[in-house]
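Everything below concerns the one structure shown next.
The values are calculated or read from the model by the stated rules, or taken from the named source; none is laboratory data. These figures come from a predicted structure and were not determined experimentally. Glycine gets a Cβ as well: all are built from the backbone with ideal geometry, and neighbour counts include every protein chain shown. Accessible surface is based on the protein model in full, side chains and every heavy atom, while ligands, DNA and RNA are left aside. Shrake-Rupley method; radii C 1.70, N 1.55, O 1.52, S 1.80 Å.
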Amino acid sequence: MSQTLLIVDDEGGIVDMLKAYFSPQYQVLTACSGQEAIQKAERQPDLILLDINMPGMDGMAVCQTIRAHVACPILFLTARVESADQIMGFQAGADDYIVKPFDLDELAARVAAHLRREQRRNRPRAVRFFGACAVDYSARTVTLQGEAVPLSRREFDILELLSLNPGQVFDRERIYESVWGIDGEGSSDTVMEHIRKIRAKLARHTLHNYIETVWGCGYRWNG
């Protein structure tokens, strides 16, 4: 489903221009007054382009009214460039300022950047960083020095178990039961082979030994 923009401006020509420009990529809601903007904001758009200088209820008042109930980015469209006005806008809850007259492509880039930031912020992630190593448990990915380390499902399961318990020693039998289950048809020797493969893959990107062997005991994560 495409994301939704709410465009608010009392100048119909600007509203029509922005709607035509953004409609191919986004769902577009429009409003030509502060009161109408508040009503349309109830539909929880993904981003609001809000003119400040409107008769009656201006953009500042709209932003102050809806900010506690609308979490999306609010970008002010304004001819005001004084720093005092910008400070007032940010205090009212604005996320960015677009100064009129504006370039449409630059405006689109700003809109896209704010939407991407919101997607990253709202995406559920469970990530841990171990130096240059990042383990994303939600996406089940590992990166080292910014480069992806391809792991099989079982390899990631082992790395996940160890990295979630750094410093704790796991013997082969416990790793096998945790990853394959007590009804697994293999043996704990399988763990040794998988750990060998994990180490080899990590070693292509770093000299650090993330999985240490504790002789006679098992393995532990050395983050």
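Numbers for the structure displayed
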{"read-out": "Given (1) over 31 Å from the mean Cα position of the chain (by Cα); (2) in contact (Cβ under 8 Å) with a residue 40 or more places away in the chain; (3) surrounded by fewer than 17 Cβ atoms within 10 Å (Cβ to Cβ), index of the condition Asp189 fails", "value": "(2)"}
{"read-out": "Some residue of region 137-152 being under 30 Å from Gly13 (Cα atoms) and out of contact with any helix residue (DSSP H, G or I) (no Cβ under 9 Å at 6 or more places or on another chain)", "value": "no"}
{"read-out": "Region 128-174 - residue that is touching a strand residue (DSSP E or B) at 6+ places or on another chain (Cβ under 7 Å) and loosely packed, with under 12 Cβ neighbours inside 10 Å and, of those, nearest to Arg204 (Cα to Cα)", "value": "Ala148"}
{"read-out": "Ala37 being farther than 22 Å from Ala109 by Cα, surrounded by 23 or more Cβ atoms within 10 Å (Cβ to Cβ), within 28 Å of the chain's Cα centre (by Cα) and of a type in the set (Gly, Ala, Ser)", "value": "yes"}
{"read-out": "Selection from region 1-29 of residues that are out of contact with any Ser or Thr (no Cβ under 8 Å at 6 or more places or on another chain), outside any loop (DSSP other than H, G, I, E, B) and among the polar types (S, T, N, Q)", "value": "Thr4"}
{"read-out": "Residue count for region 37-69, restricted to those that are free of Cβ contacts under 8 Å to residues at least 12 places away in the same chain and not in a loop (DSSP other than H, G, I, E, B)", "value": "1"}
{"read-out": "Top-ranked residue in region 94-109 [being of a type in the set (A, V, I, L, M) and more than 19 Å from Asp10 (Cα to Cα); ranked as farthest from the chain's Cα centre (by Cα)]", "value": "Ala108"}
{"read-out": "Residue within region 113-133 that is of a type in the set (A, V, I, L, M, F, W, C) and in contact with a Ser or Thr (Cβ under 6 Å, 6 or more places away or on another chain) present", "value": "yes"}
{"read-out": "Strands (runs of 3 or more DSSP E) contained in region 88-142 and holding at least 1 residues basic (Lys, Arg)", "value": "127-130"}
{"read-out": "Identity of the residue in region 19-34, among the aliphatic types (A, V, I, L, M) and over 26 Å from the mean Cα position of the chain (by Cα), that ends up nearest to Phe102 (Cα to Cα)", "value": "Ala20"}
{"read-out": "Residue among Arg120, Arg196 that is open to solvent by 80 Å² or more (accessible area, probe 1.4 Å) and either of a type in the set (S, T, N, Q) or closer than 30 Å to Ala71 by Cβ (or both)", "value": "Arg120"}
{"read-out": "Residue selected from region 67-76 under the condition at pLDDT below 90 and under 16 Å from Val8 (Cα atoms), by the criterion most open to solvent (accessible area, probe 1.4 Å)", "value": "Arg67"}
{"read-out": "Which numbered condition Arg110 misses (of (1) among the charged types (D, E, K, R); (2) touching a residue at least 24 places away in the same chain (Cβ under 8 Å); (3) open to solvent by less than 60 Å² (accessible area, probe 1.4 Å))", "value": "(3)"}
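Okay, residues lined up against (1) open to solvent by 80 Å² or more (accessible area, probe 1.4 Å); (2) closer than 27 Å to Arg120 by Cβ; (3) aliphatic (A, V, I, L, M):
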position: Ile7; (1), (2), (3): no, yes, yes
position: Gly12; (1), (2), (3): no, no, no
position: Val15; (1), (2), (3): no, no, yes
position: Cys32; (1), (2), (3): no, no, no
position: Asn53; (1), (2), (3): no, no, no
position: Ala61; (1), (2), (3): no, no, yes
position: Ala79; (1), (2), (3): no, no, yes
position: Gly89; (1), (2), (3): no, yes, no
position: Ala92; (1), (2), (3): no, yes, yes
